[in-house]
Structure formats: structure tokens, C-alpha cells
């Protein structure tokens, strides 16, 4: 399901930078946010998703702790799926192990 990304106002960008300043200082990058396509085969039961990239385990732990401390888990049923990024060949090897 393709959606057009709406341009954000300068004020919205500044607010996001203030909110995310601590995360960005740790090297954590917000990569994508969206609504799960419920019509996709084998779709996840969650309604929304977020994809983050953290440079190391300590930064990931800080991100997960910050999400928990914000009370986010009280608003939604959440699932964390964390792991190292690999290329396709390495991933196929993981599947065979």
C-alpha cells in the first residue's frame, strides 16, 4: 500500500529534533514509521510499526528503556524485534543453522 509522504512544516521538524536529540546523540536513527498493511499475506497483528537503527547494544538498550519509560507500552500492545543487520547471504546462512 503506497502512500504519499506529506511535507512537514519547519516547526514540526524543529519539534522532532528537540524530542529526538538524545537519541540522535547516541547514534540512533529513526528509519521508518507507518501503518501495517492488514491486507498483506501473513501480516503482523499490530496496527503500526517503527524501524530504528542503533549503532550498538548500549544504544539499543537506551532506546528500549526510553520507550518503556515513556509509558508507550501502556497505550499499545507492542513487540520489539531487535537484531544485527546482515546481508542476504549471511541471513540465508542463519536460516540454515
Review point. Working out 0.36 nm times the residue gap between residue 32 and residue 44, then minus their Cα-Cα distance, what length gain in nm do you get to one decimal?
Key: 2.7 nm
Exercise for review: Would you calculate the separation in nanometres between label points at residue 70 and residue 96, each defined as 7 Å from the Cα along the Cα-to-beta-carbon direction?
Suggested key: 4.0
Point to revise | Packing-based exposure ordering (other Cβ within 10 Å, fewest first) of 24, 92 | key: 92, 24
Check your understanding: When you count, for each residue, the other Cβ atoms within 10 Å and take the mean per peptide, how do 28-41, 72-85 rank with the highest first?
Key -> 28-41, 72-85
Study note, to complete from the structure: By the C-alpha gyration tensor axes a ≥ b ≥ c (rounded if a/c is under 1.5, else prolate when a/b exceeds b/c, else oblate), the shape of region 29-96 is oblate
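Each value in this text was obtained by applying a stated rule to the coordinates, not by laboratory testing. Keep in mind it's a predicted model, so treat the numbers as computed, not measured. Glycine gets a Cβ as well: all are built from the backbone with ideal geometry, and neighbour counts include every protein chain shown.
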